[in-house]
Amino acid sequence: MDYKATGLVAGIEIHQQLDTGEKLFCHCPTTLREIAEHNGEFCRYLRATVSEMGEIDRAAQEEMKHDRMFRYYTYDTTCLVENDEEPPAPVNDEALSVCLMIAKMFAMTPVPQVHTMRKLVIDGSNTSGFQRTALIAFNGALPDGGLIETICLEEEAAQRVKDEVFSLDRLGIPLVEITTSPCMHTPEDVQKMAEHIGMVLRSTGKVKRGLGTIRQDVNISIAQGARVEIKGVQELDLIAEVVRREVQRQQSLLAIRDELRKRGASAGAVAGADVTELFKETKSAVLKKAKNIHAVVLKGFAGLVGREIQPERRLGSEMSDYARKCGVGGIFHTDELPAYGVTAGEVALLRTHMHAGEQDCVILVAGANGKQASCAINQVITRAKLALSDKPVPEETRKMLESGSTAYMRPLPGAARMYPETDVLPVLIDDARWNAVVIPELLSEKAQRFAQEYGIDKNYALQLASSEKLPLFYQAVTEGIKPKLAAFSILSTSTELRREGVDMQKIPDQAYLDVWHAVDSGKAAREAIPDLFRSIAAGSTSAEVLAKLAPAVSREELENIVRNIIAERRDFIAQKGKAALGPLMGVVMAEVRGSVDGKVVSEILKKEIDAATTPK
Amino acid sequence: MTVIKLSSGYNIGVPPGSCTLTEHPVPVNNVQHEVVQNRDLPTLAIVSTGGTIASRIDYRTGSVTSQFNAGDILTAIPELAEVARYRTIPLATILSENMTPSIWQELARAVHAEIKNGAQGIIVTHGTDTMAFSAAALSFMLDTPVPVVFVGSQRSADRPSSDNAMNAVCAAAAATSELGEVVVVMHATTNDDTCSIHRGTRVRKMHSSRRDAFRSLGIAPIGEVEYPSRNVSLAKDAVRRGKRTLAIRDKLDPHCALIQFYPGMSPDLLKAYEGYHGLVIAGTGLGHTSTALIPPLKRLIQSGTLVVMTTQCMNGRVCDRVYDTGRDLLDAGVIEGGDMLPEAALVKLMWVLANEPDKTRAGAMMQEDLKGECMRRSAHGL
């Protein structure tokens, strides 16, 4: 697809957790816990509060449609600050320093004085009902003329355990939020930019690693469409796909609007109606359970509510997301009925009752009470009106689903969501502090240097540069170990063993060094390394495993061993010819128990097999 | 630094002079909220001493302002409209640490007037720091046939998680209940599910920040309100609506003090209290000071100061007959304050000295139970 022609404009927000000793506004450790370890829980309600300007933020208003009681799990590593039972501590200075370092790496301008704000979030993920955040610097440079608008220092939200239950271990971990300008125009641009920013962040050595420690939000719009913010893209590889699917969704919504207008469709002219009576005898489990069933006719919508707008998503899914804000489980629409236990007879009855024609779509919602059902029907009407409007793509915050499609979360928040955090004092960033910020070498530069200095493959070099074992690599090189050997062990061998289930954490750095020295001095063979690591991870010391190696054999001795083995297996060699090399390699290596380099064994073995198979 | 609000909503500080004011903002007209109140519901009066129920930061002044008419409150907490209809009396807008005995008196008069005027219950909004003092003061000054409910919030009203709304709703429920005394209604635990009803003379703020900071000491809470159901349950000994006849005795003698004894406390410090009419000591353990303090205490008493001993343990009863120091204190003329909380004893002393000119009789009253502040039995454990 020619994305430039679609008018695609995209920007990203990167949220990266920082690896600091303590949380951003309290002195708890930044450790993630197992849910089973929680030692207490409590419950709260949240209600939207007005901004300084006296308004209620529209995103917060949306969350308030439905009263929800949130439950929170506490740990012996959380405190009253996470419980929203104690005022916050001053901004964690370590986190601020890391944030300034990142800002300087992007050549940004720091704000003269940092003011912490409360960003209203009442979906339960923050016990206080807001996320503390502070703008630290702005105007950063990206490759290809891209621009970073701002970098903010924020507290991480609580992790949702299930439904309205949250775990407080993650709440308050410092994170930086980097917002780029809408400077990207293809799905691949977006992904590349995210990769670049991620690399810069990792160069600090002060960011958390692993799944969930970095999240990307993507802002996307196309010509005639609208800005949509997609939250929580955790896998970098999915970013381009998310962008492609959002372009598809916006284009589909535009096409549906045109079709609706051609048909003279309308929504909301006829109000919703209570149809509970019609389904008294229904076999549908959902409807049977409902106390109140409401319905509404969308004139001229038939076939379009069920039309796919991106993989696994229809216009009906969007309506369903809106209705869920009132607490209902979702909606049924006649484009998909009869199904879910609703019979053709019931559908016909419903259509007649609602005076719905062939071209019309009837939407059903099942509520726990009349208020809930009518709230949900009104949400459906609201969404249907949007589909018909001049702006059929609503400005929204959406969440990513597993495949890369997205679901509606809430309207885009406005400036009204920001309120000063009156409990935290401002922090001055003066010239002295800014000038003292030292920026580390970029991983990409480091990798280039490694490739040149140590003759390592470029990909390896980049992996090595961002590896946690980099200090070990330096140590090895200082001690005279061959860089390639160390790099190979740290990257390939470790990864293979980890996949095998070996706990590589159990191997101390010194053991790596001992093994490498043994290989370098010819005491152990390269091929023996995985075996040696396995034994060490299983609890042996490096001294023990190295002592178990067979005593080093000279080349002459080795040649004798090889000749004996070949002599014993004459028939096998006659049968297999040169292909006997592989199996015999194993036999020889077992004999010398890892004390000889496999290369030498293979060389001698090859020569002797050749000699044995060549007719004299 | 000059604070700038960016269009993103973020504030930053910049050096003054680095930006120029080009235009003054158009003053925002405060939206007046008109609400219809249900005439079938009982009438409650909300007396405000410091706006905790509905307050927010005023961006023009940078301070927290309280909005205080029934419309504002019902807009902020719509559930209140389901409980009662309200009239509002803005008495003061102060932080509760700036409360004074004379404001307690104004408060008592305002509450008295509202009850006389037909209010079926009173809600007093109050900062939490000294709420217990004020509740005790009203307990002594007023005989009330209807509930007088003190309420506040531990977490500011400008945060979505504030306890203000639930506390206010529970306070309204308590104020329309069968209760007939001065109480404090605040969160029972950290959960948003129950508020405790505490007797005004037995309640104390026991935590600097938690929602459930308020605790009844020496007795169990006299009731609770479930949330969100608003079901009120009262203990057997909670004073019931209509039991007392409306009366006010609003005189207070402010020349009283409360001091906490500590090891090594200089006897010279007592000189500062010469001329005071009353002095409450929060003594150690069973009610002790060091021996060194006894002679100056004796001089104070001889010069006419009524000295009452309480315990800084907060829980338990004073008994100055066990150890020598205690007996010496009694010999010096110190009055045992029973199991009264030091703060409640101070307020009571102010009230007693203003209403009973006879010193001996006043001393005896300090040991009598007037409004639940002195328990005859120590029935309740820690």
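Since every read-out is calculated from the coordinates, none of them should be taken as a lab result. Here the structure is a predicted model, which is why all the values come from computation and not from measurement. Here Cβ is always computed from backbone atoms with ideal geometry, including for glycine, and neighbour counts include all displayed protein chains.
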From the mean inverse distance of alpha carbon pairs (Kirkwood) and the Cα radius of gyration, derive Rg over Rh for the range A:3-227. 0.98
Taking the Cα centroid of the range B:66-144 and of the range A:70-119, what is the distance between the two, rounded to the nearest whole Å? 38 Å
Computed over the range A:1-54, the distribution of all Cα-Cα distances in 5 Å bins, rounded to whole %, is 4, 10, 9, 10, 13, 16, 12, 8, 10, 7, 2, 0
If the limit is 28 Å between Cα atoms, which of A:Lys192/A:Lys446; A:Lys104/A:Lys469; A:Lys119/B:Lys205; A:Lys299/A:Lys391; A:Lys469/A:Lys606 go over it? A:Lys119/B:Lys205; A:Lys469/A:Lys606
Would you please give the FRET efficiency between A:Gln575 and A:Ser444, computed as 1/(1 + (r/R0)^6) with r the Cβ-Cβ distance and R0 = 60 Å, to the nearest 0.05? 0.65
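By the scheme Lys and Arg +1, Asp and Glu -1, what is the net charge of all other residues having a beta-carbon under 13 Å from that of A:His27?
That works out to -4.
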Could you list the square roots of 5 times each eigenvalue of the Cα gyration tensor of the range A:443-547, that is, the equivalent ellipsoid semi-axes, sorted largest first and rounded to whole Å? 23, 15, 11
How big is D for the range A:261-390, in µm² s⁻¹ as a whole number, if Stokes-Einstein is applied with the Kirkwood radius of its Cα pairs at 4 °C and 1.567 mPa s? 90 µm²/s
Using modelled amide H (1.01 Å from N, peptide plane; none on Pro or chain starts), what sits under 5 Å from the amide H of B:Thr88, excluding residues fewer than 5 places away? B:Ile46, B:Ala70
Considering only DSSP beta bridges with both partners in the protein assembly as shown, what is the antiparallel share in %, to the nearest 5? 75 percent
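Give me Rg over Rh for the range B:139-223, both radii from the alpha carbons and Rh done the Kirkwood way, two decimal places.
Using Cα coordinates only, the ratio equals 0.96.
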Below 20 Å, Cα to Cα, which aspartates and glutamates can A:Lys371 reach? Residues fewer than 8 away in the same chain don't count. A:Glu62, A:Glu63, A:Asp67, A:Asp274, A:Glu277, A:Asp321, B:Glu79, B:Glu82
Under a 5 Å amide H to amide H cut-off, with H placed in plane at 1.01 Å, what residues pair with A:Ala525 once short-range neighbours are removed? A:Ser595, A:Val596
Based on DSSP H assignment, which helices of chain A show an axial Cα extent of at least 15 Å together with a mean Kyte-Doolittle hydropathy greater than or equal to -1.0? A:93-105, A:187-203, A:239-263, A:370-388, A:509-520, A:555-568, A:581-592, A:598-613
If one puts a single equal scatterer on every Cα of the range A:555-613 and applies the Debye formula without solvent, what log₁₀ I(q)/I(0) results at q = 0.13, 0.14, 0.16, 0.26 Å⁻¹? -0.26, -0.30, -0.40, -1.09
For chain A, which cysteines have no second Cys with its Cβ under 4.7 Å from theirs? A:Cys26, A:Cys28, A:Cys43, A:Cys79, A:Cys99, A:Cys152, A:Cys183, A:Cys361
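Can you give the Rg/Rh ratio of the protein assembly as shown, where Rg is from the C-alpha atoms and Rh is the Kirkwood radius? Provide the component values of the computation, followed by the final result.
On the way: Rg = 37.8 Å, Rh = 34.5 Å.
That ratio is 1.09, to two decimals.
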Rounded FRET efficiency, nearest 0.05, which uses the C-beta distance separating A:Glu41 from B:Arg244 and R0 of 45 Å: 0.60
Considering only DSSP beta bridges with both partners in the range B:256-367, what is the antiparallel share in %, to the nearest 5? 5 percent
Per-residue [θ]222 nm for the protein assembly as shown (sum of -39500 (n - 2.57) over DSSP H runs n ≥ 4, rounded to 500): -9500 deg cm²/dmol
A:His355 versus A:Lys399: modelled label distance in nm, points set 7 Å from Cα along the beta carbon direction: 4.0 nm
Among beta bridges assigned by DSSP with both residues in chain B, the antiparallel ones amount in percent, to the nearest 5, to 45 percent
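Compute the signed sum of charges (Lys and Arg +1, Asp and Glu -1) over the other residues within less than 13 Å, Cβ to Cβ, of A:Tyr75.
After counting each charged neighbour, the total is -3.
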Kirkwood Rh (inverse of mean 1/r, distinct Cα pairs), the range A:258-300, angstrom: 12.2 Å
Amide hydrogen neighbours beyond the local backbone of A:Asn219, cut-off 5 Å, H modeled: A:Gly11, A:Ile12, A:Glu13, A:Ile230
Taking chain B, how much of its Cα-Cα pair set, in percent, is spaced more than 26 angstrom apart? 55 percent
For the range A:111-128, Karplus couplings with θ = phi - 60° (6.51, -1.76, 1.60), whole Hz, Gly/Pro x: 6, x, 9, 8, 10, 7, 10, 9, 9, 4, 9, 10, 8, x, 6, 10, 4, 6
Take peptide B:12-21, look around each residue's Cβ out to 10 angstrom, count Cβ atoms belonging to other protein chains, and average those counts. 3
Applying the Karplus parametrisation 6.51 cos²θ - 1.76 cosθ + 1.60 with θ = phi - 60° to the phi angles of the range A:291-307, what ³J(HN,Hα) value in whole Hz is obtained for each residue in order, glycine and proline being reported as x? 7, 10, 10, 10, 9, 8, 9, 9, 5, x, 8, 3, x, 8, 5, x, 6
Binning at 5 angstrom from zero up to the longest distance, how are the C-alpha pair distances of the range B:330-382 distributed in percent? 4, 19, 30, 24, 15, 5, 3, 0
From the phi of every residue in the range B:215-226, what ³J(HN,Hα) in whole Hz does the Karplus formula 6.51 cos²θ - 1.76 cosθ + 1.60 yield, where θ is phi - 60° and glycine or proline is x? 9, 7, 10, x, 9, 6, x, 8, x, 8, 10, 7
Per residue, how big is the convex hull of the range A:317-367 when only Cα atoms are used? Give it in Å³. 84 Å³
